[in-house]
1. Being assigned to a helix (DSSP H, G or I), among the charged types (D, E, K, R) and free of Cβ contacts under 8 Å to residues at least 60 places away in the same chain is the filter here, so list the residues in region 195-244 that pass it.
2. Output the residues belonging to region 78-131 that are among the charged types (D, E, K, R) and modelled with pLDDT under 75.
3. Just checking, how many residues over region 291-316 are open to solvent by less than 60 Å² (accessible area, probe 1.4 Å) and among the basic types (Lys, Arg)?
4. Take the conditions surrounded by 14 or more Cβ atoms within 10 Å (Cβ to Cβ), more than 19 Å from the chain's Cα centre (by Cα) and on the phi < 0 side of the Ramachandran plot and apply them to residue 246. Does it pass?
5. Residue check: is residue 61 aliphatic (A, V, I, L, M), part of a helix (DSSP H, G or I), closer than 30 Å to residue 164 by Cα and open to solvent by 50 Å² or more (accessible area, probe 1.4 Å)?
6. Can you confirm whether residue 361 is surrounded by 13 or more Cβ atoms within 10 Å (Cβ to Cβ) and among the hydroxyl-bearing types (Ser, Thr, Tyr)?
7. Inside region 145-157, can you point out the residues that are open to solvent by 30 Å² or more (accessible area, probe 1.4 Å) and either modelled with pLDDT under 80 or aliphatic (A, V, I, L, M) (or both)?
8. With the requirement that a residue be open to solvent by 90 Å² or more (accessible area, probe 1.4 Å) and either in contact with a Ser or Thr (Cβ under 6 Å, 6 or more places away or on another chain) or closer than 9 Å to residue 25 by Cβ (or both), what does region 206-220 give you?
Amino acid sequence: MTRTLASKLAGWRRSLTWQISLLFALISFLVIGAMGFSVDRMLAGELLEANDALLFGNMVLVRNRLARLGLSEGILTSAQFVEELGMAYRKLGVAVLDEDHRILRASDDFNIPASALPQQALPIEALPSRVDGAAARELHVRFSDSSRQWTAPDGRWYQVVLGRLSLPGTGAGAQPQTVLIALSYDRSLPKELLARYRRGLIETLVVSVLAAAALGVWAARLVLKRARRIAATAGRISASALNERLSLEDTPEEFLESTLAFNNMLDRLEDSFKRLSEFSSDLAHDLRTPINNLLGEAQVALSRPRDAAEYRAVLESAVEEYERLSRMIENMLFLARADNAQARVAPQWIDLRSALEKILSYYEVLAEERNIRLALEVRSDTGGRARAWADELMLNRAVGNLLSNALRHGPRDCTVSVRALARADGSAEVEVVNPGVGIAREHLPRIFDRFYRPCSSREGSSAGSGLGLAIVKSIAELHGGRVGVRSIPGLETAFTLSLPAAGRS
């Protein structure tokens with residue numbers, strides 16, 4: 001039982017719907033509770049102020065009535081006068097007392113014992129002619145000792161105000177007499193009113209919290225409906241169905257950015273799967289050609305008995321195909337290590353002129369076979385020695401691939417130029433330019449893809465593996481640089497390898 005409850009609580013904590021509904025309920029509870037508490041305090045203060053105004057106002061009425069009837073103890077202690085004062089307001093009690101707090105006359109609603117009366121009496125003559133809310137607050141502060149609250153044994157709650165009134169003496173030379181007038185008000189009705197309000201507030205609070213929680217569940221499900229649509233779309237996606245996209249027409253503004261990101265991700269996935277499919281097809285073709293050559297030569301050699309020279313010729317031909325397969329596998333392994341950040345770069349300051357001269361000397365024999373001239377130009381913005389911050393082996397491989405590509409695609413009797421520029425900020429650029437037919441514009445965005453060849457046919461595929469430019473791009477990215485291509489059809493093609501300054505890779 002405990003495990004079941006714990007698992008349910010854990011599930012609720014992970015549920016966004018329950019979190020939103022609880023948040024709605026908490027906000028509703030706090031807002032309505034704070035408003036109800038504030039109204040309760042204001043209402044209690046207003047009722048207390050109204051009670052003070054009622055009691056002090058009736059003291060003023062007593063003073064005014066006695067002024068019309070004449071001040072005498074007989075009038076004050078008459079039953080008719082006391083009852084008329086008590087009938088002036090419902091639940092108002094009146095009592096007339098002597099200076100020793102002995103009750104001389106009291107109305108039926110006056111239930112306050114003499115011991116519960118205030119010890120100090122306020123002078124009735126000091127009361128203003130009109131008592132409003134502001135005057136009641138001032139009198140409450142000024143004559144706080146003349147007002148008192150008392151709770152009866154039956155739980156009824158009273159507020160009492162005691163006033164002092166001076167009467168003239170009845171005979172010649174007689175001293176003035178002082179009588180006390182006590183007014184009590186049964187505050188049970190305001191108390192019941194506050195209690196009913198608080199019960200109503202609690203009921204409203206409970207209903208509001210439940211309604212807010214239900215509204216939160218509905219709102220959460222409405223909001224998450226879009227997320228479920230994304231999940232449903234993702235569930236329909238497979239390698240053979242990558243054309244699914246989320247509609248932007250009915251997408252809320254808050255989900256527009258995530259929907260666009262999701263659609264862009266699907267675009268990238270579709271493009272990646274397309275390239276992977278093409279890569280697999282190209283890889284199968286490039287592996288099939290040397291394997292078929294090896295198989296064909298072996299079958300021909302074994303078709304009849306041959307002498308040692310013929311078998312040697314077959315093996316020498318096989319070695320060339322094995323070398324080609326070895327280079328292809330080595331290139332693919334290098335690209336795989338570069339993609340997984342396993343290829344380590346050990347950059348150092350390299351003298352560009354010295355490094356490029358070595359590379360060009362390596363390709364001089366191949367260039368002479370095609371009657372192609374190699375030209376080298378090295379410059380520095382500072383006028384000093386041109387240097388680059390790079391891994392020497394990787395730089396040699398990248399420039400070698402670009403130079404091999406230029407010799408392969410350049411026409412006979414042309415000049416292939418290698419230009420290097422060392423900038424003042426420490427960065428460097430190496431550009432390899434060859435004249436020729438150039439590369440069509442539609443092929444430029446994919447020229448650095450693996451096994452991608454601009455020609456639509458497979459002719460000439462044996463001349464290169466289709467991985468050379470992809471390796472150049474990977475080497476540039478490992479250094480934190482980039483590689484670009486510029487081609488003018490029918491004129492020339494230029495590949496530029498950009499290397500960042502030290503510390504920026």
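1. First, the residues of region 195-244 that are assigned to a helix (DSSP H, G or I): 195-236.
Then keep just the ones that are among the charged types (D, E, K, R); that gives 196, 198-199, 203, 221, 225-226, 228-229, 236.
Selection gives 196, 199, 203, 225, 226, 228, 229, 236.
2. 83, 84, 90, 91
3. 1
4. yes
5. Details: aliphatic (A, V, I, L, M): yes; part of a helix (DSSP H, G or I): yes; closer than 30 Å to residue 164 by Cα: yes; open to solvent by 50 Å² or more (accessible area, probe 1.4 Å): yes.
So residue 61 fits the description; yes.
6. Values: surrounded by 13 or more Cβ atoms within 10 Å (Cβ to Cβ): no; among the hydroxyl-bearing types (Ser, Thr, Tyr): yes.
Taking the combined requirement at face value, the residue does not satisfy it.
7. Step one: list which residues in region 145-157 are open to solvent by 30 Å² or more (accessible area, probe 1.4 Å), which gives 145, 148-151, 153-157.
Within region 145-157, 155 is the sole residue that qualifies.
8. 210 - this is the single residue of region 206-220 that is open to solvent by 90 Å² or more (accessible area, probe 1.4 Å) and either in contact with a Ser or Thr (Cβ under 6 Å, 6 or more places away or on another chain) or closer than 9 Å to residue 25 by Cβ (or both).
The values are calculated or read from the model by the stated rules, or taken from the named source; none is laboratory data. Bear in mind that the values here come from a model prediction, so they are computed numbers and not experimental data. Counting neighbours? That spans all protein chains shown, and the Cβs are built from the backbone with ideal geometry, glycine included. Surface accessibility is based on the protein's heavy atoms, side chains included, excluding ligands, DNA and RNA. Shrake-Rupley method; radii C 1.70, N 1.55, O 1.52, S 1.80 Å.
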